[in-house]
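The values are calculated or read from the model by the stated rules, or taken from the named source; none is laboratory data. Only a predicted model underlies this, so the values are computations on that prediction, with no experimental measurement involved. Counting neighbours? That spans all protein chains shown, and the Cβs are built from the backbone with ideal geometry, glycine included. Ligands, DNA and RNA are stripped out before the accessible areas are found, and what is left, the full protein with its side chains, is counted by its heavy atoms. Shrake-Rupley method; radii C 1.70, N 1.55, O 1.52, S 1.80 Å.
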Amino acid sequence: MEIEVICFRECDIDTVFEIQRTAYKPLYEKYHDDSSNPYMETKETVFRKYTREGTTGYLFILDGTTVGAVRINIDDVNKSGRVSALCVLPQYQGKGIAQKALLEIERLHPNVERWFLDTILEEEGNCHLYEKLGYKKNGKIEIINEKMTLVFYEKK
């Protein structure tokens, strides 16, 4: 399986918005995290986040179909990168797409010395993915509600 990682362009906003809504809807329905789930973001908010200074958006392409997306915020001064709102369409999850895409994104940013991200602690598959890629829990957690806790990761 060959995954192509391409940069977000303004004309991709409809695709990215639909992928994000579709991918995050099951998590929203499970955890009801109204204030933090990307499912709740408007298209305008998603667009603003993808186009803000220091952010690069990427799309994941499989056999000509866009199957996922992510935002990366690079801090050149601290040589760090933050992975945000990584999403893969449900029918493509569990196939190694996110893993391959993140490795390619890390390769595209050789000056980044430390990567950061957060995910839902209760989603064991997400935690396993990031830990398999070398991310380590940094000790920080944030309780969102009685069902959901965010756990923060770092990779050096």
**Asked** Using a probe of 1.4 angstrom, how much of the accessible area of segment 69-136 is carbon and sulfur, in percent?
**Response** 46 percent
**Item:** Cα-based reach from K137 at 26 Å (exclusive), listing lysines while leaving out same-chain residues under 8 positions away
**Value:** K25, K30, K49, K79, K95, K100, K147, K155, K156
**Prompt:** Taking a quarter of the surface of the convex hull around the Cα atoms of segment 86-141, what do you get in nm²?
**Reply:** 4.2 nm²
**Message:** Keeping all protein chains in the complex and leaving out DNA, RNA and ligands, what accessible area do you get for D75 with a 1.4 Å probe, in Å² to the nearest 10?
**Reply:** 50 Å²
**Complete:** Mean projected area (nm²) from the convex hull of Cα positions in segment 1-62 is 5.0 nm²
**Antiparallel content of DSSP bridges confined to segment 1-133, in %, to 5** = 85 percent
**Message:** Given R₀ = 22 Å, what would the calculated FRET efficiency be for D34 paired with I141, taking r from the Cβ atoms and rounding to 0.05?
**Reply:** 0.70
**Prompt:** When ranked by the protection proxy of mean other Cβ atoms within 10 Å per residue, highest first, what sequence do the peptides 134-143, 90-99, 59-68 form?
**Reply:** 59-68, 90-99, 134-143
**Prompt:** Can you pull the three principal axis extents for the Cα set of the chain, in Å, largest first?
**Reply:** 39, 32, 32
**Surrounding net charge for N111, when Lys and Arg each add one and Asp and Glu each subtract one, Cβ distance under 15 Å** = +2
**1.4 Å probe accessible area per residue over segment 95-156, in Å²** = 59 Å²
**Cβ-defined net charge surrounding K156, 11 Å radius [Lys, Arg +1; Asp, Glu -1]** = +2
**Prompt:** Considering only the other residues whose Cβ falls under 14 Å of the Cβ of I61, what net charge follows from Lys and Arg at +1 and Asp and Glu at -1?
**Reply:** -2
**Prompt:** Farthest toward the dipole's positive end in segment 1-49, which of T45, I6, A23, given Cβ charges of +1 (Lys, Arg) and -1 (Asp, Glu) about the Cα centre?
**Reply:** T45
**Prompt:** How large is the helix-only mean residue ellipticity at 222 nm for the chain, computed as the sum of -39500 (n - 2.57) over DSSP H runs with n ≥ 4, divided by its residue count, in deg cm²/dmol to the nearest 500?
**Reply:** -10000 deg cm²/dmol
